[in-house]
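Heads up, the thing below is written out as structure tokens.
The values are calculated or read from the model by the stated rules, or taken from the named source; none is laboratory data. Note that the coordinates shown come from a computational prediction; the quantities given were computed from them, not determined experimentally. Positions of Cβ are backbone-derived with ideal geometry, glycine not excepted, and every protein chain shown enters the neighbour counts.
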């Protein structure tokens, strides 16, 4: 027994050391696992932070360089943030907006704009398509139109500020006004055109010509009316050059060498184009039937120029037929002659004179340039104020 006691004592003495060693290894293993996990979580966190920073950078770039105006206001209605486009619209550097009110930046439009800002701050209800018109500031030389969206910024369910989206809608407003104007003008023109057609038909029915001859003349007049409507439609009913008005009566290559057309560029407005076209058509038709284009050796010269001084400048046009003497065939002035006179004197507010010279007819017109040119359709804006509002 005495010999075995040291061995038993030796085994018992070694057991705590084995237990401690195993515990240390387990603890070290756990620490290594935790450290590895922390490193993984740290790497994931860093990746998330980098991704978040990238997204924030992208959002900041989008905000700052967006082609529309963006801004955020605090509860006192002061700028907290603004992008480059809205700063450009306001004509004030972005940094100078911060901490200031709308009245301090764009005093001319402050009353209208701040009313919408207060409404959203008080109600928390967005306002969409708040269209506002006015001058940006005292340096503005023309009024602008803006389409504004207002959105509440919420924090813990309470309105903490307002964000705005601003688009310059000036050109869109001009387009809408022009479209409405064109609809009204089209209605007016359709009525006038139908009245012209009815007058031409009634004249054909009362004509002393044969049925076939009257029908042919009616077709020619309606064709001329349709042609000028087609030319105006191609040009959005804005204007037509005088040279084109003259040339359309003779076609491409018609009577080569016998027609001389010369004059400066002069634009006729829609109504004056219609009147001038019908007058030129009757003059050309008479030239073909009785005048300078009715015989093989006949000739026609249509020349024009600008005479006089501002503001009384005039278009002087001379229609000269030579080579064919058709005075005996013309007879008494008829509907065509009355149409020419009415077009020049009434519609174009001009003067008309006919002379029989050696070799043929000479017609002279004097038309005020103020009566023949296209109308001024520039958009005119008034004082600052709301145009329309939809919430």
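Tabulated values for the structure
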{"item": "Condition check for residue 175: closer than 30 Å to residue 82 by Cβ and in contact (Cβ under 8 Å) with a residue 12 or more places away in the chain", "result": "no"}
{"item": "Out of 312, 236, sole residue that is closer than 22 Å to residue 370 by Cα and either out of contact with any strand residue (DSSP E or B) (no Cβ under 8 Å at 6 or more places or on another chain) or in a helix (DSSP H, G or I) (or both)", "result": "236"}
{"item": "Test: residue in region 269-287 that is surrounded by fewer than 21 Cβ atoms within 10 Å (Cβ to Cβ), touching a strand residue (DSSP E or B) at 6+ places or on another chain (Cβ under 7 Å) and assigned to a loop (DSSP other than H, G, I, E, B)", "result": "no"}
{"item": "Unmet criterion (only one of (1) without any contact (Cβ under 8 Å) to a residue 12 or more places away in the chain; (2) assigned to a helix (DSSP H, G or I); (3) surrounded by 11 or more Cβ atoms within 10 Å (Cβ to Cβ)) for residue 183", "result": "(3)"}
{"item": "Residues of region 358-376 satisfying the condition of being touching a helix residue (DSSP H, G or I) at 6+ places or on another chain (Cβ under 6 Å) and surrounded by fewer than 17 Cβ atoms within 10 Å (Cβ to Cβ)", "result": "none"}
{"item": "Qualifying residues in region 352-366 (those that are within 13 Å of residue 279 (Cβ to Cβ) and free of Cβ contacts under 8 Å to residues at least 40 places away in the same chain) - the one nearest to the chain's Cα centre (by Cα)", "result": "352"}
{"item": "Any hit, region 141-151, residues being surrounded by fewer than 14 Cβ atoms within 10 Å (Cβ to Cβ), without any contact (Cβ under 8 Å) to a residue 40 or more places away in the chain and closer than 29 Å to residue 176 by Cα", "result": "yes"}
{"item": "Residue that is farthest from residue 68 (Cα to Cα), among those in region 127-140 that are buried (at least 20 other Cβ atoms within 10 Å of the Cβ) and at pLDDT 90 or above", "result": "127"}
{"item": "Flag if residue 341 is crowded, with 18+ Cβ neighbours inside 10 Å, out of contact with any helix residue (DSSP H, G or I) (no Cβ under 7 Å at 6 or more places or on another chain) and either assigned to a helix (DSSP H, G or I) or not assigned by TED's automatic domain parsing to the domain that holds residue 204 (or both)", "result": "no"}
{"item": "Hey, residue 292 touching a helix residue (DSSP H, G or I) at 6+ places or on another chain (Cβ under 9 Å), under 23 Å from residue 364 (Cα atoms) and in contact (Cβ under 8 Å) with a residue 24 or more places away in the chain or not", "result": "no"}
{"item": "Qualifying residue in region 212-220 (condition: surrounded by fewer than 17 Cβ atoms within 10 Å (Cβ to Cβ) and either more than 28 Å from residue 283 (Cβ to Cβ) or within 24 Å of the chain's Cα centre (by Cα) (or both))", "result": "no"}
{"item": "Check on residue 129, touching a residue at least 12 places away in the same chain (Cβ under 8 Å), under 15 Å from residue 113 (Cα atoms) and either outside the structural domain of residue 86 (by TED's automatic domain parsing) or within 25 Å of the chain's Cα centre (by Cα) (or both)", "result": "yes"}
{"item": "Residue 265 in a loop (DSSP other than H, G, I, E, B) and modelled with pLDDT under 90", "result": "no"}
{"item": "Long-range neighbours under 7 Å by Cβ, at least six apart or interchain, first residue in contact (Cβ under 8 Å) with a residue 60 or more places away in the chain and not assigned by TED's automatic domain parsing to the domain that holds residue 197 within region 223-246, second surrounded by fewer than 16 Cβ atoms within 10 Å (Cβ to Cβ) and assigned to a helix (DSSP H, G or I)", "result": "none"}
